[in-house]
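Written out below as structure tokens is the structure these notes cover.
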Amino acid sequence: NAGVMQNPRHLVRRRGQEARLRCSPMKGHSHVYWYRQLPEEGLKFMVYLQKENIIDESGMPKERFSAEFPKEGPSILRIQQVVRGDSAAYFCASSRESGEKLFFGSGTQLSVL
Amino acid sequence: TQLLEQSPQFLSIQEGENLTVYCNSSSVFSSLQWYRQEPGEGPVLLVTVVTGGEVKKLKRLTFQFGDARKDSSLHITAAQPGDTGLYLCAGEKAGSNYKLTFGKGTLLTVNP
């Protein structure tokens, strides 16, 4: 019973590079959510995706951030031209149906040098 | 912006002691969830409280939702070192259960 799988666990990027964070939901789950945990802050919702669709991206920064959940393969959170302020733990969660319990992955710790 | 304030921020106690941590807001939530997060891991759901005044027990953990559904508490009886972790509360608004509002957490250390 694999849980929500995120990789890489740790990602180091220099300013201006791109970061790609991957999330494979639990088996049978088709709803994926991304949250960000900044240092000294609580987790904050970023985006909700269902297969091939973005349902709610109200928490996504307007620039440089994008997310996708293709028909095949994991969900990807992409951050272009990273800046130091992007350094955070990025958590993915999944659920079987909308309105059901969220299961969180172990996160990707992004460090921008 | 709806905020959830958790207190205390840090708590260090000896094994066997009792403790209570709090989660307060000026906003009403349709439900409130408590999570525990270990270092380097994601949050794991402990309980969801839905009804104002509701009390739920999970072994030595007792969760209470305030009558007005704005606040909640977690009480641990006879704490053990295995209870060490970051305890997070998260509020859910009706119609957007996935857009949880998280508090910053209480970091609990139980010393043997």
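Among the residues of the range A:87-113, which ones are more than 19 Å from residue A:19 (Cα to Cα), part of a strand (DSSP E or B) and open to solvent by 10 Å² or more (accessible area, probe 1.4 Å)?
A:103, A:104
Can you pull out every residue in the range B:34-87 that is open to solvent by 50 Å² or more (accessible area, probe 1.4 Å), among the acidic types (Asp, Glu) and over 13 Å from the mean Cα position of the chain (by Cα)?
B:38, B:41, B:67, listed by residue number.
For the range A:39-59, name all the residues that are acidic (Asp, Glu) and open to solvent by 50 Å² or more (accessible area, probe 1.4 Å).
The answer is A:40, A:41, A:52, A:57.
Suppose we keep only residues that are among the hydroxyl-bearing types (Ser, Thr, Tyr) and under 17 Å from the mean Cα position of the chain (by Cα) within the range A:85-101. Which one would you say is nearest to residue A:6 (Cα to Cα)?
Among those residues, the one meeting the criterion is A:90.
Of the numbered conditions (1) open to solvent by 40 Å² or more (accessible area, probe 1.4 Å); (2) more than 11 Å from chain B (Cβ to nearest Cβ), residue A:65 fails exactly one; give the number of that condition.
(1)
Can you find a residue in the range B:81-100 that is under 24 Å from residue A:105 (Cβ atoms), of a type in the set (Phe, Trp, Tyr) and free of Cβ contacts under 8 Å to residues at least 40 places away in the same chain?
yes
Among A:36, A:22, which is the only one that is outside any loop (DSSP other than H, G, I, E, B), surrounded by 19 or more Cβ atoms within 10 Å (Cβ to Cβ), of a type in the set (D, E, K, R) and at pLDDT 95 or above?
Checking each option against the conditions leaves just A:36.
Those residues that are facing chain A (nearest Cβ under 9 Å), in a strand (DSSP E or B) and not β-branched (Val, Ile, Thr), I need them from the range B:90-110; list them, please.
B:90, B:96, B:97, B:98, B:99, B:100, B:102
The values are calculated or read from the model by the stated rules, or taken from the named source; none is laboratory data. Computed from a predicted model, the values in this text were never measured in an experiment. Cβ: placed from backbone, ideal geometry, glycine included. Neighbour counts: every protein chain shown. Ligands, DNA and RNA are excluded from the accessible area calculation, which covers all protein heavy atoms including side chains. Shrake-Rupley method; radii C 1.70, N 1.55, O 1.52, S 1.80 Å.
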